[in-house]
């Protein structure tokens, strides 16, 4: 497979019944061919606008007021980091390897886009029980924990006790674009205090930080004695929820020993497909077309991302934030919902099968398991009547559940689509990240909202600080 080839397949066959014959569509699950023909030129125009937004930033041209903020440089980031800015990637990898030689446990402090991408890569690409394995089974890489993403006293205390019980061989990666996000700032102060007690005067060697230069966090790290070589810039023109392929996500990925360049190569493949003009060759625009038309024509305002298997749940949660913060403005924006099947078929399945017809179901799954298959054994005791399935793998059972659910939904005219990756690896994940980020930016332009910035999030932050300071809200 050539480096620029896409490994992700997008299949909307469960939604679009016939793109050529307008008379064969189904009013519940289908879309008129004319609707697709109507939206496609608009999507191409929005794609060109997203690409032009990048050029605006590259050329340093003034940003029109209606487009401010314009955090568009996530688009060309993969090509830059694989080309003229590849020294940054080398620096992240070298720093990560040096950091790993000092610690066996790492606490990543961040919230929202500052940690969700790293968590998604951790869960999708590492062993499902990575933290429970001895170091040699972790390829010499540290255990990883996430905090600073909530203000949960019990969770913080529990992690502090775990770290204290394990000795002094731990460190911190703190990530905050502004450096002033309260949840992360509070956690940083608490965990640095514990790290100082554990490591003594050498504690600054155990801290890596990603933030904007001269932010509160940046200046605090300098005051604590953290070396400049351990401080990494959060790009000004990349928004937090679009930052997974910057140091925000790739530094933790390098600490875990993941193939950082493969992540970027997958994202570059998504960019190459994004520039193509036809429905069958452009999964980004095809996905956007189906989601938008299902909301516009069929009132499917809830987008259910059905992840098949536990390892993709964090990808879904990352996407929840991406879609919600980007499009949930001016009374618009579909509601994302991540479910894990087959687990959630036993909690949400009834509602999804027979509830309101306001949902588009997108199945996200890997065709091949990452670890060796587990087969069902044959027993002499067959009271559970499973000998008829002896020899089948657990993966076979999951596939049967997915196909059976898809068929059940089809029989009841429920709308489904699919995003398929060959296996869970870095290249596929990088392409998936970029595909969903591009689709979100395009849809924002399509519905007339700025996909960048999150003014609604700032309101709760102002009120929270006021309460903490004893002021009237």
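The values are calculated or read from the model by the stated rules, or taken from the named source; none is laboratory data. Since the structure is predicted, the reported quantities are computational estimates derived from the model, not experimental observations. With ideal geometry, Cβ positions are generated from the backbone for all residues, glycine too; neighbour counts draw on all protein chains shown.
List every residue pair whose Cβ atoms lie under 6 Å apart, where the two residues are 6 or more positions apart in sequence or sit on different chains, the first residue falls within the stretch 141-167 and is within 19 Å of residue 131 (Cα to Cα) and not assigned by TED's automatic domain parsing to the domain that holds residue 191, and the second residue, located anywhere, is modelled with pLDDT of 95 or more and in a helix (DSSP H, G or I).
none
In the stretch 413-424, is there at least one residue being in contact with a helix residue (DSSP H, G or I) (Cβ under 8 Å, 6 or more places away or on another chain) and in a helix (DSSP H, G or I)?
No, the stretch 413-424 contains no residue that is in contact with a helix residue (DSSP H, G or I) (Cβ under 8 Å, 6 or more places away or on another chain) and in a helix (DSSP H, G or I).
How many residues are out of contact with any helix residue (DSSP H, G or I) (no Cβ under 6 Å at 6 or more places or on another chain) and either farther than 21 Å from residue 298 by Cβ or loosely packed, with under 14 Cβ neighbours inside 10 Å (or both) when one looks only at the stretch 325-348?
Residues flagged as out of contact with any helix residue (DSSP H, G or I) (no Cβ under 6 Å at 6 or more places or on another chain) and either farther than 21 Å from residue 298 by Cβ or loosely packed, with under 14 Cβ neighbours inside 10 Å (or both) within the stretch 325-348 amount to 9.
Run down 244, 315 and say which single residue is under 29 Å from residue 339 (Cβ atoms), in contact (Cβ under 8 Å) with a residue 40 or more places away in the chain, within 20 Å of the chain's Cα centre (by Cα) and not assigned by TED's automatic domain parsing to the domain that holds residue 199.
315 is the lone residue from the list that is under 29 Å from residue 339 (Cβ atoms), in contact (Cβ under 8 Å) with a residue 40 or more places away in the chain, within 20 Å of the chain's Cα centre (by Cα) and not assigned by TED's automatic domain parsing to the domain that holds residue 199.
For (1) in the same structural domain as residue 120 (by TED's automatic domain parsing); (2) outside any loop (DSSP other than H, G, I, E, B), each residue gets a yes or a no:
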position	(1), (2)
205	yes, yes
208	yes, yes
213	yes, no
220	yes, yes
229	yes, yes
248	yes, yes
251	yes, yes
264	no, yes
272	no, yes
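Scan the stretch 384-412 residue by residue and report those that are loosely packed, with under 15 Cβ neighbours inside 10 Å and not in a helix (DSSP H, G or I).
Residues satisfying the conditions are 384, 385, 386, 390, 391, 412.
Would you confirm, using the coordinates I've provided, whether residue 269 is over 26 Å from residue 75 (Cβ atoms) and buried (at least 23 other Cβ atoms within 10 Å of the Cβ)?
So residue 269 fails the test.
I need the full set of residues from the stretch 220-241 which are over 22 Å from the mean Cα position of the chain (by Cα) and within 20 Å of residue 111 (Cβ to Cβ), in order please.
Result: 220, 221, 231.
Contact list please: Cβ distance under 9 Å, first residue in the stretch 183-199 and more than 14 Å from residue 217 (Cα to Cα), second residue modelled with pLDDT under 95, pairs at least six apart or on different chains.
Between residues of the stretch 183-199 that are more than 14 Å from residue 217 (Cα to Cα) and residues that are modelled with pLDDT under 95, the close pairs are 195/168; 197/168; 198/167; 198/168; 199/168.
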